[in-house]
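Written below as structure tokens is the structure these notes are about.
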Amino acid sequence: TMSASVIGPNRRRRSRSRSRGNKNDFFVTLSDANGVNRTMMIWVPLAVLARNVVLENEGGEDVAQNASVAVLRYGKGIDYDQRRLTVMRQVIVAASKASDAVIQEMGNGDVAAAVLQAVRYGGEVLITAKDAGTVI
């Protein structure tokens, strides 16, 4: 085994589960208004969040739909067998895709920034809850 001094004072070893993701890492469990738990890919609630943020910021239905579809399309296109796949890294890219869709459709950087921030933070909350075994 390696001692901490060999690794270095500022480096931590990562477990294999953290450095390589698989498709199961991308599933989250949410509770609906009736208390029924549903397990789904993280992209579904993030797509809904992107859509709602656009609508709350006076974006049109077309812009909201494009932001939502950008998240879903990105999630669908991921190769879940790739090495070094992490959920948060993929959430950040999906947030950027949704933000880009807002810029293309609406040209509003403030709304795009709101979508980017909401999807990133929403992803963080979902990942943290999953890691803690919490249903949101």
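Please list, by residue number, every one of the chymotrypsin sites (Phe, Trp or Tyr not before Pro) in the stretch 29-88 that is coil in DSSP and has at most 16 other beta-carbon atoms within 10 Å. Don't skip to the end; give the middle numbers.
Values: sites: W43, Y74, Y80; in loops: Y80.
For chymotrypsin sites (Phe, Trp or Tyr not before Pro) across the stretch 29-88 that sit outside H, G, I, E and B with at most 16 neighbouring Cβ atoms in 10 Å, the list reads Y80.
Percent relative contact order of the stretch 61-136, based on C-alpha pairs within less than 8 angstrom and at least six residues apart?
Once normalised by length, the contact order is 32 percent.
Find the centroid of the Cα atoms in the stretch 29-75 and in the stretch 85-117, then give the distance between the two in whole Å.
Each part reduced to its Cα centre gives a spacing of 13 Å.
Could I have the simple spin-label model distance between A129 and F27, label points 7 Å from Cα toward Cβ, reported in nm to one decimal?
The answer from the label model is 1.7 nm.
Using DSSP to call loops (not H, G, I, E or B), can you name the GluC sites (Glu not before Pro) in the stretch 57-117 whose Cβ has at most 16 other Cβ atoms within 10 angstrom?
Those satisfying the criteria are E58.
Karplus couplings for the stretch 93-99 from phi (6.51 cos²θ - 1.76 cosθ + 1.60, θ = phi - 60°), rounded to Hz, Gly and Pro as x?
5, 4, 4, 5, 4, 5, 4
Please list 3J(HN,Hα) in residue order for the stretch 73-88, calculated via the Karplus relation 6.51 cos²θ - 1.76 cosθ + 1.60 where θ = phi - 60°; whole Hz, with x for glycine and proline.
5, 4, x, 5, x, 6, 8, 6, 9, 5, 6, 6, 7, 10, 5, 4
Karplus couplings for the stretch 100-116 from phi (6.51 cos²θ - 1.76 cosθ + 1.60, θ = phi - 60°), rounded to Hz, Gly and Pro as x?
With coefficients 6.51, -1.76 and 1.60, one gets 4, 4, 5, 4, 4, 7, 10, x, 10, x, 5, 5, 4, 5, 5, 5, 4 Hz.
No value in this document is a laboratory result; all are computed from the given coordinates. A quick note: this is a predicted structure, and the numbers were derived from the prediction, not measured. Positions of Cβ are backbone-derived with ideal geometry, glycine not excepted, and every protein chain shown enters the neighbour counts.
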